[in-house]
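The values are calculated or read from the model by the stated rules, or taken from the named source; none is laboratory data. As the structure is a prediction and not an experimental result, all values here were calculated from the model. FYI the Cβ positions are ideal-geometry reconstructions off the backbone, even for glycines, and counts take in every protein chain you see. What goes into the accessible areas is simple: the full protein's heavy atoms, side chains included, and nothing from ligands, DNA or RNA. Shrake-Rupley method; radii C 1.70, N 1.55, O 1.52, S 1.80 Å.
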Amino acid sequence: MSRLAAKFAQLAQAKRKALIPFVTVGDPHPEFTLPLLHAMVEAGADILELGVPFSDPMADGPVIQRASERALAHKMSLRKVLAIASEFRKTDTQTPLVLMGYLNPIEMMGYETFANAAQQAGIDGVLTVDLPPEEAENCVVLLKERGIDQIFLLAPNSSDERIQKMGRVGSGYLYYVSLKGVTGAGHLNTDDVATKLAQIRNNTSLPVGVGFGVKDAQTAKTVSQIADGVVVGSALIAQIEDNLHDLATAKLKIVELLSSMRHAMDS
Amino acid sequence: MLLKWQHLSQQLIKLTEFKMTENYTMPDERGHFGPYGGMFVAETLMPPIQALNEAYQRYLADPEFIAELDADLQHYVGRPSPLYHAQRWSKELGGAQIYLKREDLNHTGAHKINNTVGQALLAKRMGKTRIIAETGAGQHGVATATVAARLGLECVVYMGSVDVQRQALNVYRMKLLGAKVVAVESGSKTLKDALNEALRDWVTNVDNTFYIIGTVAGPHPYPAMVRDFQAIIGREAKQQCLAQTGRLPDALVACVGGGSNAIGLFYPFIDDASVKMIGVEAAGDGIETGRHSAPLCAGRPGVLHGNRTYLMADDDGEIIETHSISAGLDYPGVGPEHAWLKDTHRAQYVAITDDEALQGFHALTQMEGIIPALESSHAMAYTLKLAPTMKKDDIIIVNLSGRGDKDMHTMAQREGIQL
Ligand SMILES: Cc1ncc(COP(=O)(O)O)c(C=O)c1O
């Protein structure tokens, strides 16, 4: 069983939901991320999504775009993200790590080289925004052979047929993007999410994480009542952006926000 | 002669009656040109591009749709565009006979409108009420704003803020036509960033919005669809060349930004092995300086904006900033079909520097009284090199993809003249 599958099984037993923070690795500079990852686990994170910065983040809103730009200004790259993941693994062998980014850095590295490097770095899942299952056959096999899950996105307009396809091709969990739009946009409509999740569950047995629009303890709690995992990204990165000159405060605010979410989700 | 032309003009624009290629069948049904092309998009965009593909396949076989498109191309765009024998220029260069395909004479001044007329009709058929587009030089933005005005559709055009400055005239035209022009401040603030922003808009407004991509890039079906709408260029050119000279040309020359005017000219000739096809990329300050926009000549395969193709990217896969004097060629990718034609050696790709393009610009202006767009000037500049190496009875067709009015400011600035 993959580390991700084991984590969801263990959470289900404990009747808890996964708290899944997303940060862009290397934002605002490379040294900031590793201690932040450990701090987020201490604050109650179950799975970490590591954003790989890309020059052209087409599916991201302004907050994550700027995070990418800050990280790239320090020459952050897929290779360096993997190096930071390796460092993290030296002291934390339990928390699943999921890479989230765009396909081109993987294309340039080469799929097999990437799969090997990801395995060595202790990566558990890979979510590539612009790689739908139709184009993923090659990548899925290489990752699966190395015990790494390929995670796919689902959207409000995904049909039964597509949900089934993601369920077949993907593993670990599915990530439901709760609104049509880019990251960091708009407000989450709980009724709509509940209706869609019912449809998703009718078509796949994989755990479902929900993201886009989770901003605070209240939205985290609401989502946790219907989903298996709660993904929070832009709200965390906004703390970095608001405190660029006082990163200790940025880290503290992120930890506080995650703790409050954890508390709300568990109570 | 007049009768012959009338006869041709009726024949030429029948999309249905002209089977374009017998042997060449690219792309496959999922939009692959060998390893290139495909549908590399976020999940929210999969349903709309699939719906678009279905609509496109359906209407391409619908005589009513084709009749409406043909009528628009003829009466609104002004097709067929002439194939003009540039006799003075040919003589001056002392080699091949140069024929210009006059896309600069289309309504709005470039080939871009062939595609926007087609996509706008599709948008209408699909019940979409809002049109978005990206633009570099502003020609595609103008061509989109034009068809949106005509159909009474809301129109938003994304344009890098660098391009907003260097193509101010076109920004004003778009505004006059009722479009909202959004200056994009992210990344390199040019065409690729405008495309990113248009994709973000589309993800957000998929229900009522039709995205008119301006070149043969993006996810399937765009590269095939835009090609098919632009192929009117090559279909006309082929018949006109046969009518005027009695034979096929020896070479086709076209500039390549995303590659739509080039593929539009090339496609109907793909099965004609004797016809050489040459795409001209922008070498900017020179390939060796790294400041250029020539992914086919100096890039490598990767994935951007929904398809796999040649890109300008660094070892980490980050997209490199491009440079060209012409905003319309300032793009780090290229249509996936060109990647395929390059690898299979069916077409050949070369690059022309900013300085050389200016020579091409002046040559055509002075020898033939035609002021070309800076994009098209790259094709002219390559023709300056190519024609003298060929025989006097050889024939080159050069795509004059657009007129130079929009570039008057850039040219004047470059030459230190205050307008
Ligand atoms: C006149 C003209 N030619 C060529 C191009 C390049 O586009 P493509 O390579 O798709 O023909 C443009 C783009 O703006 C243009 O305006």
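Structural remarks
- Pairs exceeding 28 Å between alpha-carbon atoms, taken from A:Lys17/A:Lys180; A:Lys17/A:Lys196; B:Lys128/B:Lys175; A:Lys165/A:Lys253: A:Lys165/A:Lys253.
- In the context of the full protein assembly, A:Glu107 retains an accessible surface of approximately 30 Å², using a probe radius of 1.4 Å and ignoring ligands and nucleic acids.
- When the alpha carbon gyration tensor of the protein assembly as shown is reduced to an equivalent ellipsoid, the three semi-axes, largest first, read 48, 25, 22 Å.
- Amide hydrogen neighbours beyond the local backbone of B:Met277, cut-off 5 Å, H modeled: B:Leu252, B:Gln348
- With a 10 Å cut-off around each Cβ of A:252-260, the average count of Cβ atoms from other chains is 0.
- P(r), alpha carbons of chain A - 10 Å bins starting at zero, rounded %: 7, 33, 41, 18, 1
- Distant-in-sequence amide H partners of B:Asp394 (H built 1.01 Å from N, under 5 Å): B:Gln97
- Restriction of the GluC sites (Glu not before Pro) in region B:26-64 to DSSP coil positions whose beta-carbon has at most 15 other beta-carbons within 10 angstrom yields B:Glu29.
- Accessible surface of B:Asp394 - all protein chains present, 1.4 Å probe, nearest 10 Å²: 20
- Selected from A:Gly170, A:Gly110, A:Gly147 as most flexible by GNM, with chain A as the system and alpha-carbon contacts under 10 Å: A:Gly110
- Taken as Cα centroids, region B:341-414 and region A:38-87 sit 44 Å apart, rounded to the nearest whole angstrom.
- Rounded to the nearest 20 debye, the dipole magnitude of region A:3-266 is 540 debye, with +1 charges on Lys and Arg beta carbons, -1 on Asp and Glu beta carbons, and the Cα centre as origin.
- Normalised by the number of residues in region A:3-266, the average gap of Cα pairs under 8 Å and 6 or more apart makes the relative contact order 22 percent.
- Neighbouring Cβ atoms from other chains, within 10 Å of the Cβ of residues in A:129-137, number 6 on average.
- Per-residue mean of foreign Cβ neighbours for B:313-325 is 5 (Cβ atoms of other chains, 10 Å radius).
- Proximal charge balance of B:Gly178 [Cβ under 12 Å; K/R count +1, D/E count -1]: +3
- FRET E, pair B:Leu419, B:His362, Förster distance 25 Å, beta-carbon r, rounded to 0.05: 0.90
- Accessible-area ranking of B:Ile417, B:Ile131, A:Ile226, largest first, probe 1.4 Å: B:Ile417, A:Ile226, B:Ile131
- Amide H within-cut-off set for B:Gly402, under 5 Å, with H built and near neighbours excluded: B:Asp104, B:Ala373, B:Ser376
- Listed residue (B:Leu60, B:Thr215, B:Gly404) projecting farthest to the positive dipole end of the protein assembly as shown, Cβ model: B:Leu60
- For region B:79-212, the residue among B:His107, B:Val182, B:Val142 whose Cα projects farthest onto the positive side of the dipole built from Cβ charges is B:His107.
- The trypsin sites (Lys or Arg not before Pro) of region A:50-86 that DSSP puts in a loop, and whose beta carbon has at most 14 other beta carbons within 10 Å, are A:Lys75.
- Whole-Å distance, taken between Cα centres, linking region A:1-34 and region B:21-65: 38
- Overall, chain B carries a charge dipole of about 1100 debye about its Cα centre when +1 sits on the Cβ of Lys and Arg and -1 on the Cβ of Asp and Glu, all other atoms neutral.
- Mean ellipticity per residue at 222 nm, deg cm²/dmol - from DSSP H runs of n ≥ 4 across chain B, formula -39500 (n - 2.57): -12500 deg cm²/dmol
- Residues in region A:252-257 carry Karplus couplings, in order, of 4, 5, 5, 4, 4, 4 Hz; the curve used is 6.51 cos²θ - 1.76 cosθ + 1.60 with θ = phi - 60°, and Gly or Pro positions show x.
- Taking the inverse of the mean 1/r over every pair of distinct Cα atoms in chain B gives a Kirkwood hydrodynamic radius of 21.0 Å.
- Mean-position separation - Cα centroids, region A:121-189 and region B:209-250, in angstrom: 36
- As a length-normalised measure over Cα pairs under 8 Å and 6 or more apart, the relative contact order of region B:276-319 settles at 24 percent.
- Magnitude of the charge dipole, the protein assembly as shown, Cβ model with Lys/Arg +1 and Asp/Glu -1, debye to 20: 780
- Solvent-accessible area of B:Arg403, all protein chains in place: 80 Å² (probe radius 1.4 Å, heavy atoms, ligands and nucleic acids excluded).
- Per-pair calculated FRET efficiency, R0 = 51 Å: B:Asp394 and A:Lys90 via Cβ, rounded to 0.05: 0.15
- Applied to region A:111-117, the Karplus parametrisation 6.51 cos²θ - 1.76 cosθ + 1.60 on θ = phi - 60° returns per-residue 3J(HN,Hα) values of 4, 6, 4, 4, 4, 5, 5 Hz, with x for Gly and Pro.
- Chain B, relative contact order in percent, only Cα pairs under 8 angstrom and at least six apart counted: 20
- Cleavage-rule hits (trypsin sites (Lys or Arg not before Pro)) in region A:116-205: DSSP loop, at most 15 neighbouring Cβ within 10 angstrom: A:Arg146
- Each peptide among B:189-195, B:152-158 gets the average number of other Cβ atoms lying within 10 Å of its residues, and from highest to lowest they stand as B:189-195, B:152-158.
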